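Report on the structure given below.
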Amino acid sequence: MNLVINGRLITRDTEGKGYYEHGAVAYEGSKIVEVGEESALRQKYPDAHCIDAKGGVIMPALINAHTHIYSALGAIHESAAGEKKLVQHCPMRPDLRFMQPLFRTVRRL
């Protein structure tokens with residue numbers, strides 16, 4: 001058993017409490033077993049391996065698919081005249097050529 005402790009826990013539990021100032025998550029392998037107040041979970045799982053969230057936010061089961069992949073391909077530079085231009089950082093790698101249409105679309109923006 002593992003416990004993620006020392007963090008502010010935010011859940012999407014519609015039937016329970018959605019925010020715990022001193023929250024924790026108990027998990028085993030890839031399965032979340034329980035979420036709740038850190039003190040209660042420490043007492044319930046005294047032999048658990050503790051992972052310190054160092055006061056950060058704990059959001060169990062959140063998968064953040066947000067990405068800025070286009071940023072890896074280029075950047076917008078503004079000229080002295082205020083004209084914005086998308087400049088490619090490096091030549092397109094052969095295995096990423098499928099992304100060239102995306103790069104062209106971003107360039108037009």
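The values are calculated or read from the model by the stated rules, or taken from the named source; none is laboratory data. Predicted, not measured: the structure shown is a model, and the values here were computed from it. FYI the Cβ positions are ideal-geometry reconstructions off the backbone, even for glycines, and counts take in every protein chain you see.
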Tell me the residue from ILE76, ILE51, ILE32, ILE63 that is modelled with pLDDT under 70, not basic (Lys, Arg) and not in a helix (DSSP H, G or I), please. ILE76
Residue check for VAL25: under 18 Å from the mean Cα position of the chain (by Cα) and at negative phi: yes
For region 35-48, enumerate the residues that are modelled with pLDDT of 95 or more and either among the β-branched types (Val, Ile, Thr) or not in a strand (DSSP E or B) (or both). GLU38, SER39, ALA40, LEU41, ARG42, GLN43, LYS44, TYR45, PRO46, ASP47, ALA48
Are any residues in region 1-29 in a loop (DSSP other than H, G, I, E, B) and in contact with a strand residue (DSSP E or B) (Cβ under 6 Å, 6 or more places away or on another chain), and if so, which ones? MET1, THR11
Candidate set: region 1-50, residues that are surrounded by 15 or more Cβ atoms within 10 Å (Cβ to Cβ) and hydroxyl-bearing (Ser, Thr, Tyr); chosen: the one farthest from LEU62 (Cα to Cα): TYR45
